[in-house]
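Report on the following structure.
The values are calculated or read from the model by the stated rules, or taken from the named source; none is laboratory data. Here the structure is a predicted model, which is why all the values come from computation and not from measurement. Cβ coordinates were reconstructed from backbone atoms using ideal geometry, including for glycine residues, and neighbour counts include every protein chain displayed. Accessible surface areas use protein heavy atoms only, side chains included; no ligands, DNA or RNA. Shrake-Rupley method; radii C 1.70, N 1.55, O 1.52, S 1.80 Å.
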Amino acid sequence: MTEAPPGELFDKLVSLAKRRGFVFPSSEIYGGAGATWDFGPLGVELKNNVKRAWWRSMVQLRDDIVGLDAAILMHPKVWEASGHVENFTDPLVECASCNHRYRLDELPKGVEGPCPNCGERKLGAPRKFNLMFKTFVGPVEDDASIAWLRPETAQGIFVNFDNVQQSMRKRLPFGIAQVGKSFRNEITPGNFIFRSREFEQMEMQYFVRPEDAPRIYEEWKETRRQWYRDLAEHDELFRFREHSPEERAHYAAQAFDIEFRYPFGWKELEGIHNRTDFDLKRHSEYSGKKLEYFDDATNERFVPYVIETAVGADRATFAFLCAAYDEEPDKEGVRVVLRLHRDLAPYKVAILPLSKKPELSELSRSVWATVRPHFQSTYDETQAIGRRYRRQDEIGTPLCVTVDFDSLTDQAVTIRDRDDMSQVRVKIEELVPALREKLGA
Ligand code: GAP
């Protein structure tokens, strides 16, 4: 990450994200739509890569975790059982003078202090504001048809505990992982995609024997911390922070955040919680269906504890972007480089003919056709080659392949590396294995 002043860095990232097709404000031509964001052509690649890297490490490389894709709309009782109808609230404070709204924890002097917006001392008493979006299922809008947009994906996992355990014949300890949209009617969304009203979560619930929960909790803390080490260079930008008992969510007996040093300060990136048997017991109580585990080795029947890891895909994408952003002086001014991990970069390879001459274009396009089935790649033949290298650096493309006039005779091309700027010449017929070796793919 560059050492640019934090405010400046934030502005640079937001501007780069828009200019280069990573993230656009939702419904921008109508003036935006209340803290929701659209991922553009490069953003969707980056976020998909983040989700893919998470799925690979949490599901595909493990024999104890399976995946799930539950519906967003669930039975309304789910949210009563989970405690969200009662407890998923923020204390909302409104200024009687300018009508600006705050979460209580955003007011340094509480409701006694002045309104940060207008300066008047007319802040009202805090009232509970439920963060869930309410909607109605079917044509009638009455109490019987209320549905909630899920504020976390986790409940889809809890209500399927029995289905998954039985169908997959899983024995403790085992986990269920899920990636999907969640919705929260945040009082004060902001900081770009850090806090929005519609976002994606990557959550995993790991079911364990109650006595194993403290040990397995520590293991998951380390496993998740390592995931960030594997994918981002700057370890110093990540840290743990333990929640105080007052701060913990209503279901958590133990809670740590993995925090990231965003340009606006240290903030939660991922939560790791010991949810005890709270959720399974509550769903048993509210649904009337026992959610238990039978251990046929010991003949015991009990409700497992749950260790949860929960991270926002958008927040993680933003953290990886911040960590990757780098600037260095060069002869044309400043070279901006996104030093994204090769697994995360939207494009792995860019094919760049030295000039637009038809004979070079033709060869370059055939090189691209050879590369395209193997790597997410792009092609660019407009403007000077130096500008094109910079354009690829700015979006994090690890390797550029330059096709020059010698290529027409020696059937070789040059691979240029984003990070060490090294250049090597390889035969076109050896290009795919050479790229694969460089990408560690
Ligand atoms: N199931 C547990 C749970 O949802 P959480 O700490 O409320 O716990 C987990 O949320 C993660 O989801 C957060 O660490 C954050 O990365 C992401 N997240 C939560 N609210 C968000 C929002 N409004 N915008 C973007 N990401 C959010």
message: Based on this model, can you work out whether R209 counts as in contact with a Lys or Arg (Cβ under 8 Å, 6 or more places away or on another chain) and either within 15 Å of the ligand (Cβ to nearest atom) or within 30 Å of V66 (Cα to Cα) (or both)?
response: no
- prompt: Among the residues of segment 262-277, how many are open to solvent by less than 50 Å² (accessible area, probe 1.4 Å), farther than 19 Å from W227 by Cα and either more than 24 Å from the chain's Cα centre (by Cα) or more than 11 Å from the ligand (Cβ to nearest atom) (or both)?
  reply: 5
- line: E259 meets each of (1) open to solvent by 70 Å² or more (accessible area, probe 1.4 Å); (2) among the acidic types (D, E); (3) within 30 Å of S15 (Cβ to Cβ) with one exception, condition (1)
field: Within segment 391-441, tally of residues that are within 30 Å of V14 (Cβ to Cβ) and open to solvent by less than 80 Å² (accessible area, probe 1.4 Å)
entry: 15
message: Can you report the number of residues in segment 404-441 which are closer than 25 Å to R335 by Cβ, of a type outside the set (S, T, N, Q) and without any contact (Cβ under 8 Å) to a residue 40 or more places away in the chain?
response: 9
- line: Counted residues in segment 206-218 being in contact with a strand residue (DSSP E or B) (Cβ under 6 Å, 6 or more places away or on another chain) and farther than 21 Å from E300 by Cβ come to 1
field: Conditions (1) open to solvent by 10 Å² or more (accessible area, probe 1.4 Å); (2) touching a residue at least 24 places away in the same chain (Cβ under 8 Å); (3) away from the ligand (no atom under 16 Å from the Cβ); (4) not aromatic (F, W, Y); number of the one not met by V337
entry: (1)
Members of segment 131-149 that are within 16 Å of the ligand (Cβ to nearest atom) and in contact with a helix residue (DSSP H, G or I) (Cβ under 7 Å, 6 or more places away or on another chain): M132, W148
query: List pairs: first in segment 183-199 and at pLDDT 95 or above, second polar (S, T, N, Q) and near the ligand (Cβ under 8 Å from one of its atoms), Cβ under 9 Å, 6+ apart or cross-chain?
result: R184/S196; E198/S182; F199/S182
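Can you find even one residue in segment 307-323 that is more than 33 Å from the chain's Cα centre (by Cα) and part of a strand (DSSP E or B)? Show your work before the answer.
Pass one, segment 307-323, residues more than 33 Å from the chain's Cα centre (by Cα): none.
Taking every residue of segment 307-323 in turn, none turns out to be more than 33 Å from the chain's Cα centre (by Cα) and part of a strand (DSSP E or B).
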- prompt: Would a scan of segment 55-77 turn up a residue that is in contact (Cβ under 8 Å) with a residue 40 or more places away in the chain, surrounded by 13 or more Cβ atoms within 10 Å (Cβ to Cβ) and within 17 Å of I187 (Cβ to Cβ)?
  reply: no
task: Those residues that are touching a residue at least 24 places away in the same chain (Cβ under 8 Å) and surrounded by fewer than 17 Cβ atoms within 10 Å (Cβ to Cβ), I need them from segment 92-122; list them, please.
output: A96, S97, R101, R103, E106, E120, K122
- prompt: Any residue at all in segment 103-113 that is within 26 Å of F320 (Cβ to Cβ) and in a helix (DSSP H, G or I)?
  reply: no
message: Residues that are of a type in the set (G, A, S), in the same structural domain as K181 (by TED's automatic domain parsing) and closer than 30 Å to Q392 by Cα: does segment 284-293 have at least one?
response: no
query: When both residues are 6+ apart or on different chains and their Cβ atoms are under 7 Å apart, which pairs have a first residue that lies in segment 1-30 and is within 15 Å of P41 (Cα to Cα) and open to solvent by 60 Å² or more (accessible area, probe 1.4 Å), and a second that is assigned to a helix (DSSP H, G or I) and at pLDDT 95 or above?
result: F24/K18
statement: Filtering segment 21-59 down to residues that are touching a Leu at 6+ places or on another chain (Cβ under 6 Å), within 13 Å of E394 (Cα to Cα) and not aromatic (F, W, Y) yields G21
Segment 188-197, subset out of contact with any helix residue (DSSP H, G or I) (no Cβ under 7 Å at 6 or more places or on another chain) and within 8 Å of the ligand (Cβ to nearest atom), residue nearest to K221 (Cα to Cα): R195
message: For segment 340-431, give me every one of the helices (runs of 4 or more DSSP H) that falls completely inside it and has 3 or more residues that are over 25 Å from R19 (Cα atoms).
response: 358-371, 407-410
- request: Quick one: in segment 245-256, of everything that is in a strand (DSSP E or B) and open to solvent by less than 40 Å² (accessible area, probe 1.4 Å), which residue is nearest to the ligand (Cβ to nearest atom)?
  value: A255
